[in-house]
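Undergrad: Dropping a structure here in C-alpha cells format, bear with me for questions.
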Amino acid sequence: MTATKKTRRRGVVLSPIGQRKLESARQQLARTINGGDRLTLEDLSEHTQIATSTVARVLAAEVGVDKLTLEHVFGALTLHLEPEDYQKPGANEHSPTQPIQPIASGESAAIEPQVTPPLELSTPPVTTLVDWGEAIDVSTFYGRDTELAALSTLIQEDRCRLIALLGMGGMGKTALSVKLAQQLLPAQPAFEFIVWRTLRNAPSLETLLTDIVGVLSDRQEMTAALTVTALLSRLLHYLHQHRCLLILDNGETLLQGGQATGRCRSGYEAYDEMFAQLGEIPHQSCVVLTSREKPESIANIEGFTLPVRAFQLSGLPATDSDRLFDAIGLTPSAEGRSKLLEVYSGNPLALKIAGTSIRELFAGNVDEFLGEKTTIFNGIRRLLDTQFERSIPLERAVMYWLAIDREWTTITELHADIVPQVPKARIMEALESLHRRSLIERQDRGYTQQPVVMEYVTDRLTTTIVEELTTYNFDLFPQFALLKTTVKDYIRQTQSRLILGAICEGFGSTSTPISPDRIEKILAILRQSPELHTSYAAGNLLNLCQQAAIDLTDADFSRLTIRHAYLVQSRLQHVNFDRTHWISPAFIQVFSNIISMDFRFDGQWLATGDATGYISLWQPDSGELAHTWHEHNTWVRTLRFSPDGTRLASGSLDCSVKIWELAQQKCLHTLATHDKGIISLDWSQDGRILICADVDRVKLWDPATGKELGEWQTGAEKMHTYIIRHPYQDRFAICLDDRIQLWDLATSTCLITLTGHNELVYSAAWHPDGVCLATASWDRTLKIWNTDTGACLMTIQGDNQMWKVDWLVANSHLNRTHRDALMSSSPDGLLRVWDVETGKCLRSITAHRTNVWSLALHPSQPIIASGSDEQNVKFWHTETWDCLRTLSGYDNTMLRLSISPDRQMLAVGCLDRTLYLWDLQTCKFTALSGHTNSIWNVGWHPQGAWVASHAYDNTVRFWDWQTGRCLKILPNCFGTIAWHPDGIHLAMVSWADNLLRIWNLETQECIQTLPGLQQMIYVLAWDRDGHKLVGGGYDLTVRVWDVQTTKILHTFTGHQQFICSVAWSPDGTRVASASQDQTIRIWDVATGECVQILNGDAWLWSVAWSADGRQFASTDALGQIQLWNLETGECLQKIPAHRGFSCQVLWTEEDSQLISCGSDGLVKIWDAQTGACLKILEAPRPYEGMNITGATGISEAQTASLIMLGATVA
C-alpha cells in the first residue's frame, strides 16, 4: 500500500487571538478613516501596501505567510505581533474554534462573531500577587452572600472575560468588588494576579495601562514610549498568559455626564476600544468594571451566554438590611424596617445615612421617624439634599472642603483652609456630627467622603458657584478654594478638571458666558466689599480665567488678597497686582533644564543648577524659592553642599568653580584655573578640601582661600564624569571613561581601578556600608562592586543608557522593605527601581518625557527629587510614587533657527514651547502654540508650503505659517529628526531603539531602516541631494549613510566628547562636526579622513558653512560666534553674541549677514564683515509689564524671579 505524502505547510497563520486582535484594529481603523464603514480588501491593501491576495491569505488564516508579512500588517494597524498571535498552519484543524472567513473583493458585510469556549486551565500551585491600590476597608461588610456567589460563578465557572457590575450610587458596588476579590484569593483555579484600581479621578487610558502593565509584568515592562494601542496589546498579552482578576471601580467617571447614552467622555474614547477588546479577544482572566451606567461598548457585546456579562446590583434584602440596622442601633420594628427598606430601595448608603439620622433625632425609633411624613424622601440625592440643608454652616463648609481636597484630610488642614478661621474644637465637633450621620468616612489618616457623596457635594458646589457668578450674589465663591496649590499634583489636576472645568461647562450652557466684562465687574464688586478682600474670591477668579483661557491683559487685581492662584502656565502681561497680598501662590520660576541637584544634610534646602547658569535654593517642604544666583554662563554641571551645610560648591561648563556662602548668600571664591568644563566635584569629610574634576583633569582646592593644592593624574582618555566621597572616609570614587578609580585623599594615590563597563560610566553611588559601590553606564547596565576586592557583585541589564544611580537602602525612610534597591534614571524620562539581588526591575515610574539629568534623595523623608530637560523639578514619594510637587521653570532660550526659502520669514523654536515666526522686514512676529514641551528643531518645506516644528513632547507639527493653523501632527517622534530636501521624507532616530528610519510624510509610512547605531544619535543632516545622511551623538562618532543602499559609508572617529552639531559643505564633499570637546573637525567624505581640526574656546554648540564654502561659523557655550577661514584654519572674528550660550547661527543670502539665537531669549542679526549687531528680535516674557509694586506675601527671591520674567516694580 502506497503512503499518501503530506504537503509541507510553510510559514505561519494568525491564531484565533491574532485574528480577533487584527479584526478589532481593523474596526478601529474603519471608524477613524472610513466613517465606520467596513474596510474592503482593497482598502486594507492600500493601507498596508501589501497585495490584495496576500491580505486575503492573512485574513483567512489557512495558508501560511511569512512572519515578516504578519509583522508588517500588524505594524500598519499600530499593533505589535506577539507569539500568541500566530501559529503553524493547521493547528486549529481539531479545534472547535472556526477561523474568521476571508472577505471577498469589495465585500463590506460584517464578519459573523465566533464564540470561543473557555480556555482549559491547569491548576498548579500559584502564588497570588495582590495589588489593592486604593481599595477601601471592608472589614465591616453586611450580607450580599447571594451576589458574591453569583459573581464567583460568572468568574470561576462561566469564565467570563468582562463583567460590568452596575448599580446606582451608594448601592455598595465598591465594597462588593473588594469583598469579591478577597473571597477569590483562595479560589481554584487560582489567580496569579489580583489588581484593584479606582477610576474616581478619571485617569487617561495611557496612565491606567502603564500602571497595570507594570504590575502584571512585575515591573519588567518598559512602557514609557508605547502608544495606547501598544499598551493595550501588552495588557491582553498578560491577561492571556496569566490568570488575572482586574477590578476597575467608578467606571461612570469615564462616561458623558447628563446623557444616559453610556458613551465615553471626549478624550476617553480609547476606553471603549479597551472594553471591546477585553470582551472579544480570548484570554484566561476576568476584568470587573463597576459603574452606575452600562458603557455602550459593553452593551454591544454582552449577553446571557457570552463571555461578557452585565450584573445589576439591586438593593439590600431584608435579611442583610436587618444586620445593618442592628449595627446602627435602630428599634427592631419589622414593619418600620420594611417600610424604610422600601422608601430607600435598599440602597445601603441611603439606609446608613437615614438610619444614623433616625438614631440621632428619634433615638433609633423607626416608627416615629416614619410617622413624620415630611421626612420621607425618595432617592439618595433628595436624602443628601435633606442632610445638607439641616446641617449647620460649619458642617457644610467641612463637606465642601472634603470634596475639594478629594483625599484623606486632617483637622489641621481643615483648620488652615476655613476662612475666617474657627477653633479646632468646633471643627472636631462638626466632623463628629457628620461622621455620626454617615456623611463622611474616618480613619487614622483623617477624613474623606464616599464617592457618591463627594460627587454630590462637588456638583452642588459647582452649580451654586455658576449661579453666584451669574447673579453676582456671592456666598460659596469667596469661602472655598476651587483649586489648591498646596496639594499633590494629581489632586490639583483633578480639581482643575472636575471643579473649574465643571464651572466653565456650566457657563457654557447659559446665555451669560465668562467674558472680560464679567471679570471686570466681579473685580469691582470684590474691591468694594471689605469682607471679600481677604477671601478666596480673587484667587478663584484668576484660576477660573486660566481654565477658560481668558486673556487678562491689562486686568486690575490690585489691592486684593489672592489665595491659591496657580499661575504656572499663565501669561499675565500688563496685569495690575499693585499692593496685592499673595497667599500660597504658584508662579513659574526662572530656571531652565535642571542639570544638577543636591539636598543639604538636614533636608532644609534643595539646590538646583540649570543649563543657563542659574543656581536656585529651595525650601523642599513648601516649594518656595529662597534665593537665586546667576554668575555662571552656562550649564551648572555639578552642585554639592559642604558637610556642615554652610557653603555650596558649584561647577560649570564655563570652566569655573564657585564657593557660595549660604548665610550671606554671596560668592566667596571663584576657582578659575581649569581650562575645560567642570564635570563633578565633592568635599572632603571636614570640608577643608574640594576635589574638582573637569573633562580631563582632577584638581584639589582649599575652599577657604581659593588656592590650588594639587592634582591627581587619573589618565582619563575621554572624560571624567563623576566624583563621590566615601560615606565615612576621605576616599573618592572617580568615574572616567569606562572605568572607576578609588583615590585616597591622604596619600593622593589610586587604590584600585574597577573595570567591566563597555561604555562611559556616568555616575556612581556608595552604599552606607562603605564597601559596595553602584555605577551607571551608557552601556545600559548598572553594576555593584565590592571596593575592597574590586569584584563585580552584580550586573543589572537595562534597555536604555543609565545616567544616574542611587541606593534605596533597606529599612530606611526611603525604602520600608527589607531588601536594598537601586534607583536609576535614563534619557527616556523613566525612573526605575531595581532589586539588587535578582537584578529585576521592581518598578518603572514615568517621571518625565525626556532626559532625567539629576536625582537627589531627601536625607530624612521618603522623597526623591528629579530634574529634567522639561524645565521642572518633581518630588516623588518613594512608597506610593505619587508626584507630590512640581517646580516649573521658564526658559525662553531660542534654540533653533530656520529661514524660509524666499528669505523673508524666520522660524525660531523656543524652549518655552512656542514656535515664533518673524517677518525679517517688519520685525513683527507670530507666536504659534500647541506643543506641550520644548521645541528643539524647526524646518521649512522646500517650497515654503509649511513650516514644521519638532518638540520634546515627541510630536512633529506642520503649520500653515500664514494662518497659524496646525495642519497635521505626526506622533511618536521620540528622537532626532532631519527633513529631506524634497519636503516629503523625514529621517528619524528613535531614542527608544536607536534605529534610523526614513518616513514618507504623506503616507506616514516607514520606507527604510538603516543599520549601524550603537548609542543615541543627537544630530542628523541630509546632503543637498538627499542621497546621504550624516549623524553624530553620544558614541563620539560621526557616521555617513548612503540612503539608497542603506550602507554606512564612513564612521569618523576622533572626538573625545558628545557631538552637538553636524553640517554638510555646500558642494557635499565635506562634513563638519562640532563637539563638547571644544573642537570642530572637517571630514572628507570621499576619503573618510579628517582634513582639519579647529580649536574653539568652549563647548561648541552649532556649525554653519557659508554659501561659497570658504568660511565657517560656529557658536559656543560662552555665547560667542566664531568665524573661521577654512583655507587657513584661522579664526577671523569672535563676536560676543549672547549672554549664556549661543545656540545656532545661520548665514543669510550672499553671506553678508549672520543670524544667531541664544539662551538669553534673543535673536540677533549681524553684519558678517564687521561683526556689528544690526537688529535684535525679542518675544515678550510671560509676566511682561505685570505690576507687582507693593505686593506682599512673596519672598525677595520670588520677587526677583518675577522681575526677571518681565514684572515691574514702580
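Undergrad: Would you please classify the overall shape of segment 449-498 from the alpha carbon gyration tensor, given that a ≥ b ≥ c denote the square roots of the eigenvalues, rounded means a/c under 1.5, and beyond that prolate means a/b larger than b/c while oblate covers the rest?
TA: On the way: a/c = 2.43, a/b = 1.43, b/c = 1.70.
Because a/c hits 1.5 or more and a/b fails to exceed b/c, segment 449-498 counts as oblate.
Undergrad: Non-local amide H neighbours of residue 441 (under 5 Å, H modeled in plane, Pro and chain starts lacking H): which ones?
TA: 448, 449, 450
Undergrad: So how far, in whole Å, is the C-alpha centre of segment 796-832 from the one of segment 1008-1048?
TA: When both Cα centres are located, 33 Å separates them.
Undergrad: Also, I was wondering about something else. Using θ = phi - 60° and the Karplus relation 6.51 cos²θ - 1.76 cosθ + 1.60, list the HN-Hα couplings for segment 359-368 in order, rounded to whole Hz, with x at every Gly or Pro.
TA: Once rounded to whole Hz, the list reads 5, 6, 9, 10, 6, x, 7, 5, 5, 5.
Undergrad: So, one more: How much of the DSSP beta bridge set in segment 132-314 is antiparallel, as a percent to the nearest 5? Could you put the intermediate results ahead of the total?
TA: Working: 1 of 21 bridges.
Of the beta bridges lying entirely in segment 132-314, close to 5 percent run antiparallel.
Undergrad: Using per-residue counts of other Cβ atoms within 10 Å, averaged over each peptide, order 692-703, 1102-1113, 545-556 from highest down.
TA: So the order, starting with the most tightly packed, is 692-703, 1102-1113, 545-556.
Undergrad: Placing +1 at every Lys and Arg Cβ and -1 at every Asp and Glu Cβ, with all other atoms neutral, what dipole size does the chain have around its Cα centre, in debye to the nearest 20?
TA: Details: 103 positive and 137 negative charges, 212 e Å.
The dipole magnitude comes to about 1020 debye.
Undergrad: For segment 893-964 and segment 640-674, compute the distance between their C-alpha centroids and round to whole Å.
TA: 39 Å
Undergrad: List the residues, sorted by chain then number, that are 5 or more residues from residue 763 or on another chain and whose placed amide H is less than 5 Å from its amide H.
TA: Under 5 Å from the amide H of residue 763: 776.
Undergrad: Also: For residue 553 and residue 529, FRET efficiency with R0 = 22 Å and r from the beta-carbon atoms, rounded to 0.05? Let's see the in-between values first.
TA: Working: r = 25 Å, r/R0 = 1.15.
Using R0 = 22 Å, I get an efficiency of 0.30.
Undergrad: Mind ordering 409-417, 947-955 by average Cβ neighbours within 10 Å, highest first? Kindly include the intermediate steps, with their values, before the conclusion.
TA: Values: 409-417: 16.7, 947-955: 23.1.
Top to bottom by mean Cβ count within 10 Å: 947-955, 409-417.
Undergrad: Quick one: of the DSSP bridges fully inside the chain, what percent are antiparallel, nearest 5?
TA: Numbers: 218 of 252 bridges.
Rounded to the nearest five, the antiparallel share is 85 percent.
Undergrad: Taking other Cβ within 10 Å of each residue's Cβ, how do 1040, 771 sort, fewest first?
TA: 771, 1040
Undergrad: Moving on. Which angle between 0 and 90 degrees, to the nearest 10, do you get for helix 205-216 versus the longest principal axis of the chain when only C-alpha atoms count?
TA: Value to nearest ten degrees: 90.
Undergrad: Can you list the HN-Hα couplings for segment 1070-1082, worked out from phi with the Karplus curve (6.51, -1.76, 1.60; θ = phi - 60°), rounded to whole Hz and with x for Gly and Pro?
TA: Ordered by residue, 3J(HN,Hα) equals 9, 10, 10, 10, 10, 9, 5, 7, 6, 10, 10, 10, 9 Hz.
Undergrad: May I pose another question? Once you have the Cα-Cα distance between residue 926 and residue 904, take 0.36 nm times their residue separation minus that, and quote the gain in nm to one decimal. Don't skip to the end; give the middle numbers.
TA: Numbers: separation 22, 0.36 × 22 = 7.92 nm, distance 1.38 nm.
Separation in residues times 0.36 nm, less the Cα-Cα distance, equals 6.5 nm.
Undergrad: If r is the Cβ-Cβ distance from residue 1176 to residue 1049 and R0 is 41 Å, what FRET efficiency results, to the nearest 0.05?
TA: On the way: r = 42 Å, r/R0 = 1.02.
Once the sixth-power term is evaluated, E becomes 0.45.
Undergrad: Net charge near residue 1207, counting Lys/Arg +1 and Asp/Glu -1 over other residues with Cβ under 13 Å of its Cβ?
TA: 0
Undergrad: Still on this structure: Expressed as an acute angle from 0 to 90° and rounded to the nearest 10, what is the orientation of the C-alpha long axis of helix 516-528 relative to the principal long axis of the chain?
TA: Roughly 80 degrees between the two axes.
Undergrad: Separate question: Which ³J(HN,Hα) values, rounded to whole Hz and listed in residue order, are derived for segment 903-920 from phi using the Karplus coefficients 6.51, -1.76 and 1.60 in 6.51 cos²θ - 1.76 cosθ + 1.60 with θ = phi - 60°, glycine and proline given as x?
TA: 6, 9, 10, 10, 9, 10, x, 10, 5, 7, 6, 10, 9, 9, 10, 9, 7, 6
Undergrad: Taking the Cα centre of segment 599-702 as the origin and placing charges on Cβ (Lys, Arg +1; Asp, Glu -1), which of 664, 698, 653 is farthest toward the positive end of the dipole?
TA: Value: 698.
Undergrad: What is the angle, in °, between the Cα long axis of helix 537-547 and the longest principal axis of the Cα atoms in the chain? Nearest 10 is fine, range 0 to 90.
TA: 70 degrees
Undergrad: Determine the gain in length on full extension of the stretch residue 751-residue 338; use 0.36 nm per residue of separation and subtract their C-alpha separation, reporting nm with one decimal. Let's see the in-between values first.
TA: On the way: separation 413, 0.36 × 413 = 148.68 nm, distance 8.44 nm.
The span from residue 751 to residue 338 would gain 140.2 nm if fully extended.
Undergrad: Check residue 642: other-chain or 5+ apart residues with amide H under 5 Å from its amide H, H built from backbone geometry?
TA: 647, 648, 649
Undergrad: If you don't mind, another one. List 628, 846, 646 from most exposed to least, where exposure is judged by having the fewest other Cβ atoms within 10 Å.
TA: Details: 628 20, 846 17, 646 13.
So the residues, fewest neighbours to most, are 646, 846, 628.
Undergrad: Rounded, prolate or oblate, given the Cα gyration tensor of segment 999-1122, with a/c below 1.5 counting as rounded?
TA: prolate
Every number here is computed from the coordinates shown, using simple stated rules; none is lab data. Bear in mind the structure is a predicted one, so any value in this text is a computation, not a measurement. With ideal geometry, Cβ positions are generated from the backbone for all residues, glycine too; neighbour counts draw on all protein chains shown.
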